[in-house]
Amino acid sequence: MSITERENEEILGRADLNDVEAILAIPTGDPNEIEHIVKDNADAIFTWDYSLARPGLRRLYEKAKTGQWNATTDLPWDTDVDLEASVSADLAAMASGLTASHYDGTPVEKWGDKEWTDFAMEQRKWSLSQFMHGEQGALLCTAKITETVPWYDAKLYASTQVVDEARHVEVFARYLDEKLGGGYQINTHLRMLLDDIINDSRWDMTYLGMQVMVEGLALAAFGNMYQITTEPLLKQLLRYVMSDEARHVAFGVLSLQEVYAGMSDAEIKDRQEFAYEASVRMRDRFMSQEVWERMGINTRDVLPLVLQDPTREVFQQMLFAKIVPNCKKLGLLDRNDSWLRHRFEEMGVIQFEDMEDTGEEYTKFALDAEAPATN
Ligand SMILES: [Fe+2]
Ligand SMILES: [Fe+2]
């Protein structure tokens with residue numbers, strides 16, 4: 001059976017990955033919106049097979065039960081957070097994530113230290129806000145997986161992840177509210193991705209979208225901020241969240257390995273395209289267009305430069321450090337004439353393919369283990 005070749009236009013809604021006009025054509029969300037409704041097209045499945053069929057998942061379930069923590073009592077919420085001092089200290093380690101001289105000839109050229117610090121403060125609020133919204137996406141997705149996955153061991157595990165994700169939404173929301181004075185609406189590209197994941201009727205797509213792609217990226221992003229930040233509350237909060245997050249990615253990898261091994265080329269192609277689309281949406285979101293808007297900069301003036309900013313590129317690539325090896329472990333890179341490998345080559349992230357995958361790595365992130373080394 002031949003597999004239809006779909007082009008970027010059909011998968012992403014634009015032919016050129018770097019078409020800034022097309023990226024900006026999707027309007028930013030309404031900051032005053034309170035509810036967002038998505039159709040969840042899936043069957044809830046009971047299973048009457050209560051046997052221990054998947055010991056790997058059951059081990060993860062046992063780990064999850066002993067790895068629980070209480071966000072209210074385990075984190076030092078009485079820490080005073082001075083956002084300006086904190087981002088200024090962190091700037092030394094990461095700058096603003098951008099190369100200032102790269103923006104000569106745009107209104108950003110006139111920015112002095114004050115504007116760059118303001119930008120970094122907004123960027124911090126924006127990033128943590130996207131983490132919070134993504135965590136809510138994970139909460140909904142995991143509740144959905146509990147219903148839709150046909151395996152008993154996976155239902156048990158997924159139920160623990162629901163509680164984990166509730167805690168994650170709780171800590172980011174509280175940190176933003178109490179320590180940073182509020183956050184940002186969900187980024188439009190992240191929202192599109194979460195909508196697609198929830199909307200899909202195939203249970204494995206929830207896993208692929210959330211556990212492998214969104215959480216794979218989150219694990220890398222949290223790890224990066226954890227290493228850089230000197231703010232003690234944020235650092236500890238991230239450390240706790242990462243200990244859960246590593247289990248979640250392992251849950252995705254362990255579950256999908258079994259399913260994908262038995263899939264036809266055509267079915268795998270759908271998964272490869274989904275993984276690619278998710279990668280591009282996440283890359284689009286990291287241009288943080290809402291922050292530029294709040295800084296009074298016309299996004300059209302800067303986004304083409306952001307796409308080519310060398311500092312940003314390194315950061316953006318690092319975000320794929322977990323996703324690429326996990327896709328490889330699932331067999332998604334090289335099926336169908338290495339279709340996804342070629343897409344990752346175009347995105348400049350294929351170099352991570354032989355890094356450690358997250359199928360077993362979660363033990364290193366456990367709270368009683370040494371603090372994890374991240375990339
Ligand atoms: Fe989470
Ligand atoms: Fe998670």
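Just so it is clear, none of the values below were taken in a lab; they were calculated from the coordinates. Since we're looking at a predicted model, the values are computed, not measured. Quick reminder, even Gly has a Cβ in these numbers, built from the backbone with ideal geometry, and neighbours come from all protein chains shown.
The calculated FRET efficiency for ASP354 paired with ASN298, based on their beta-carbon distance and R0 = 30 Å, is about 0.15.
At a temperature of 4 °C and a viscosity of 1.567 mPa s, determine how fast region 148-189 diffuses translationally according to Stokes-Einstein, using the Kirkwood radius over alpha-carbon pairs as Rh; express D in µm²/s, rounded to the nearest whole number. Could the numbers behind the result be given before it?
On the way: Rh = 12.5 Å.
The calculation lands on 104 µm²/s.
In this structure, the residue pairs whose Cα-Cα separation is over 19 Å, taken from LYS144/LYS322; LYS39/LYS155; LYS63/LYS144; LYS63/LYS329; LYS179/LYS235, are LYS144/LYS322; LYS39/LYS155; LYS63/LYS144; LYS63/LYS329.
Radius of gyration (Cα atoms) of region 3-119, expressed as a multiple of 2.2 N^0.38 Å: 1.82.
Computed over region 230-318, the P(r) tail beyond 23 angstrom holds 53 percent of alpha carbon pairs. Net charge within 13 Å of ASN199 by Cβ-Cβ distance, Lys/Arg positive one each and Asp/Glu negative one each, not counting ASN199 itself? Local charge sum for ASN199: -1. By the count of other C-beta atoms within 10 Å, a proxy for reagent exposure, PHE274, PHE365, PHE251, PHE315 are ordered fewest to most as PHE315, PHE274, PHE365, PHE251.
Relative intensity of the chain on a log10 scale, I(q)/I(0) at q = 0.13, 0.14 Å⁻¹, equals -1.09, -1.27, per a Debye sum over C-alpha point scatterers of equal strength in the absence of solvent.
What Kirkwood hydrodynamic radius do you get for region 275-375 when you take the inverse of the mean 1/r over all pairs of distinct Cα atoms, in Å? Write down the numbers at each step before the final one.
Details: mean 1/r = 0.0646 Å⁻¹.
One over the average 1/r among Cα pairs gives 15.5 Å for region 275-375.
Hey, if you drop one equal point scatterer on each alpha-carbon of region 61-178 and run the Debye formula without solvent, what base-10 log of I(q)/I(0) do you get at q = 0.10, 0.20 Å⁻¹? The computed values of log10 I(q)/I(0) come out as -0.48, -1.07.
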